[in-house]
Amino acid sequence: MGFIKGGATMCRYRILEEPEGGLTDNFVEERLKKNAFNDIEDSPEELSVGWVELFNHLNTNFNQASYNFGGFLAFTLRQDERKLSAKTLNRYYAIREAKFIAETGRKPNTIKKTEMKESLRLDLLRRSLLNTNLYQTVWLKEHNEVWLDGTSEKIRSLFEDFWARTFGLAIRLLVPISLGLELLPEQSHDALANLEPSSIWD
C-alpha cells in the first residue's frame, strides 16, 4: 500500500514554481476534480488515468478533508488498462467469419471484414478485465517537494505528464547529485561542472 502501509519504493521531485495566486485549497481541489479518474468498467475504452482519493480509490469527490492533511497534501494517481492481443482478436474473428459464411454462403468483402473485426474488438474489450495500478502521491507544501510511490521510468513518465496536465507546475526529479548541489553555494556549481576525472595513482 505504499505510503499508507508497509514499505515504499519512491522517488522525490522538487517543485520549481508556485501557483499563480498561491497554493490554495481552491487551486488544488479544482484541478483534482477536473482531472479526476473516469471509470471505464462498462465501456470498451482501453486506458483511463486520473486522480482518486488517497484512502478510497473508488472516490473522486475531492474536498479538503480527503486530501489536505495539514503539512502535506495526498492523493492517488489511478491507471486502469485493458489489453487485447492480436492473437486473441484473430482467433475470435475466425469463429465469427466462419459463422457469417455458414449463414450467408459467401465470404465477407473487405468493408464487411473491417466492420466485423471492429465490432468484435469492441465487444471483447468490454468483456476484458481491467488491470488497475495505484500510485500514491504526497505533496510536502513547506519543502516544495512531491513524493511518488514508484520509481520505474514508465511510472515516472506517466506521473510527470499527468502532474503537468493537472497543476501546470514545473518539477525536477531529485537525485543524489541534485540534492548535493542544493546544499552548496551557487558559485561552487560551475567549479563542479568543470571537474575532469584524474587517476588516484598519479
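Nothing in this text is a laboratory measurement; each read-out follows from the coordinates by a stated rule. All figures in this text were calculated on a predicted structure; none of them were measured in a lab. Please note: Cβ atoms are built from the backbone with ideal geometry, for glycine as well, and neighbour counts cover all protein chains shown.
In order along region 69-75, the Karplus-derived 3J(HN,Hα) couplings, from 6.51 cos²θ - 1.76 cosθ + 1.60 at θ = phi - 60°, round to 10, x, x, 8, 10, 9, 7 Hz, and Gly and Pro are given as x. Listing Val52, Val175 from fewest to most neighbouring C-beta atoms within 10 Å gives Val175, Val52.
In terms of packing, defined here as the mean over residues of other Cβ atoms within 10 angstrom, the peptides 142-152, 103-113 line up highest first as 142-152, 103-113.
Summing charges over neighbours of Asn68, with a neighbour being any other residue whose Cβ is under 11 Å away from its Cβ, gives -1 when K and R count +1 and D and E count -1.
Phi angles of region 50-60 translate, via the Karplus equation with coefficients 6.51, -1.76, 1.60 and θ = phi - 60°, into HN-Hα couplings of x, 8, 10, 5, 4, 9, 8, 6, 9, 10, 10 Hz per residue; Gly and Pro are given as x.
The peptide list 13-26, 71-84, 157-170, put in order of mean Cβ contacts within 10 Å with the highest first, becomes 71-84, 157-170, 13-26. Note on Lys141: lysines with a C-alpha under 23 Å away, same-chain residues under 8 apart excluded, are Lys5, Lys33, Lys34.
By the scheme Lys and Arg +1, Asp and Glu -1, what is the net charge of all other residues having a beta-carbon under 14 Å from that of Ile101? It works out to a net charge of +4.
For the pair Asn133 and Phe69, label points projected 7 Å from Cα toward Cβ lie 2.3 nm apart.
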